[in-house]
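Structure first, commentary second.
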Amino acid sequence: MNAASKKKQSLIVALLSLTGIGLLVAIFYSSVWWVSLTAPNYPADSFPDGVRIEFHINGVFNGCKKQHKTEIEEDEALDCVHEMDTINHYVGMYPIAAGAPVERGFGQFLITFMIIMLVGFMITKPKIRMAFMGIAFTALAIWMYLTMYGNGGFSLQSEGYVNAMVTSLDQDANDKSKDSNKIVIGGIAGVLKQSLEDSGVKVVLPSEVAKQQHGKETDKQALIDQMKGTYAIDRDKPGSHLANWNGSSLQVMLWQYGKTLARYFNNQAEIVPMVKTLKIALIVVFWGLIAAMALLVFGARKNKGLLYWLLVLVPMALPLFFIIDYSAWLWWYGHTLNAMGAFTVKPFMPTVFGDGKVAQFATHSYPDKGFGLMMVLFVVLAIAALVRHKQFKNSAE
């Protein structure tokens, strides 16, 4: 192969890899999958998409939109994450925020991990590739450590993740605020909320406190301050074993997970072991990623072998990884039913793709634009891999 052809192929691989990096960033901020419940008591005029939630890499978010119709007045859209949690808990299903805590907490690191892999794949000189990946992975490892274990490390999480965490706690906080004329409560207990407001008591959700104090919805530090206040209330409760707030992601994630599991089914004999399991999983994934970084840097020493091709194969397989993980968690939701549910149902597998039915509810589960971007990522990186394979094959001849 002449130098011009080799340079052209390297340029093609670089452009395709950079496109892949851009797609990974877009995927992180996109809804990957959506699920909706429809039923006669949720009329299409008010709920055109049913009770809809959207799955992102770093959290589960409200998919219901504010209605602008003359016959419907809404100050803000119904939080359909809370609505679906309320529907599901009647059959013993744990809240949505109980699912994929490790994946959501490490989402920003996993995307960054794959971005570094793609940059490494672009580089054809092994020494330069090893140097780059060594430095980049070291920086990622430090970021991970400070986020998971450092004081105030939770502030290094993405804003979307923090927002989703605070929203999930809206259903739990039911203690009085400093203003004795206000009660901070959460959830979608609309009847209770309305009755309190009709009695002259102003009801404020925790996330709304942050909005009022800081003047905008997505002030990350305001949300963290709200979580810190709720944590302090829990820590000061009789019998609490919570340590003083240090703001590390590990501390916040374990506390939020236990609080989420106890939202409807406060059986500590079941919850405590589940929280301990999460702690072990977080530690294993943290050190597993560190080990994977070291292994990939070792594999970067040559332009061949499985470790080199993993640099592109792993990001290529992102849609497959998502489907496997999503399906596994749906199975967990349907097969980990709490006996404290109002109704007893047999364990079941929720619909992964398509339409289904549970009791009087029709279920809908479909890919969103984020998954479409994942499929585009697969195609782009597959082409890059083929070009690079051809390049190396011709160079060896």
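Here is the figure for the stretch 222-254: residues that are of a type outside the set (A, V, I, L, M) and touching an Asp or Glu at 6+ places or on another chain (Cβ under 7 Å) total 1. Within the stretch 325-339, which residues are over 16 Å from the mean Cα position of the chain (by Cα) and free of Cβ contacts under 8 Å to residues at least 40 places away in the same chain? 331, 335 - these are the residues of the stretch 325-339 that are over 16 Å from the mean Cα position of the chain (by Cα) and free of Cβ contacts under 8 Å to residues at least 40 places away in the same chain. Of the set (1) modelled with pLDDT under 90; (2) surrounded by 12 or more Cβ atoms within 10 Å (Cβ to Cβ); (3) not in a helix (DSSP H, G or I), all apply to residue 392 but (3).
Taking every residue in the stretch 376-397 that is assigned by TED's automatic domain parsing to the domain that holds residue 125 and pairing it with any residue that is hydroxyl-bearing (Ser, Thr, Tyr), at least 6 positions away or on another chain, the pairs with Cβ-Cβ distances below 6 Å are 380/19; 384/17. Could you say whether any residue in the stretch 315-328 is modelled with pLDDT under 90 and not hydrophobic (A, V, I, L, M, F, W, C)? So far as the stretch 315-328 goes, no, none of its residues is modelled with pLDDT under 90 and not hydrophobic (A, V, I, L, M, F, W, C).
Can you pull out every residue in the stretch 32-62 that is among the hydrophobic types (A, V, I, L, M, F, W, C) and assigned to a strand (DSSP E or B)?
Passing the criteria: 33, 34, 35, 37, 51, 53, 55, 60, 61.
Beta carbons closer than 6 Å, at least 6 apart along the sequence or on distinct chains, pair a first residue in the stretch 357-374 that is closer than 15 Å to residue 52 by Cα with a second that is assigned to a strand (DSSP E or B) and small (Gly, Ala, Ser) for 363/356; 364/36. Residue pairs whose Cβ atoms lie under 9 Å apart, separated by 6 or more positions or on different chains, with the first residue in the stretch 32-53 and not assigned by TED's automatic domain parsing to the domain that holds residue 329 and surrounded by fewer than 21 Cβ atoms within 10 Å (Cβ to Cβ) and the second modelled with pLDDT of 90 or more and in a loop (DSSP other than H, G, I, E, B), do not occur. So which residues in the stretch 94-142 are aromatic (Phe, Trp, Tyr) and farther than 23 Å from residue 383 by Cα? Passing the criteria: 94, 106, 109, 132, 137. A search for C-beta distances below 7 Å between a residue of the stretch 297-314 that is in the same structural domain as residue 20 (by TED's automatic domain parsing) and under 13 Å from residue 117 (Cα atoms) and any residue that is modelled with pLDDT under 95 and of a type in the set (D, E, K, R), counting only pairs 6+ apart in sequence or on different chains, returns 308/302. Residue under question is residue 260, and the condition is that it be in the same structural domain as residue 336 (by TED's automatic domain parsing), of a type in the set (Ser, Thr, Tyr) and modelled with pLDDT of 55 or more; does it hold? No. Where helices (runs of 4 or more DSSP H) sit wholly within the stretch 88-171, those with at least 3 residues that are touching a helix residue (DSSP H, G or I) at 6+ places or on another chain (Cβ under 9 Å) and among the hydroxyl-bearing types (Ser, Thr, Tyr) occupy 126-149, 159-169.
For the stretch 327-349, the set of residues classified as closer than 10 Å to residue 91 by Cα and polar (S, T, N, Q) consists of 338, 344, listed by residue number.
The values are calculated or read from the model by the stated rules, or taken from the named source; none is laboratory data. If you're wondering where the values come from, they're calculated on a predicted model, not measured in any experiment. Counting neighbours? That spans all protein chains shown, and the Cβs are built from the backbone with ideal geometry, glycine included.
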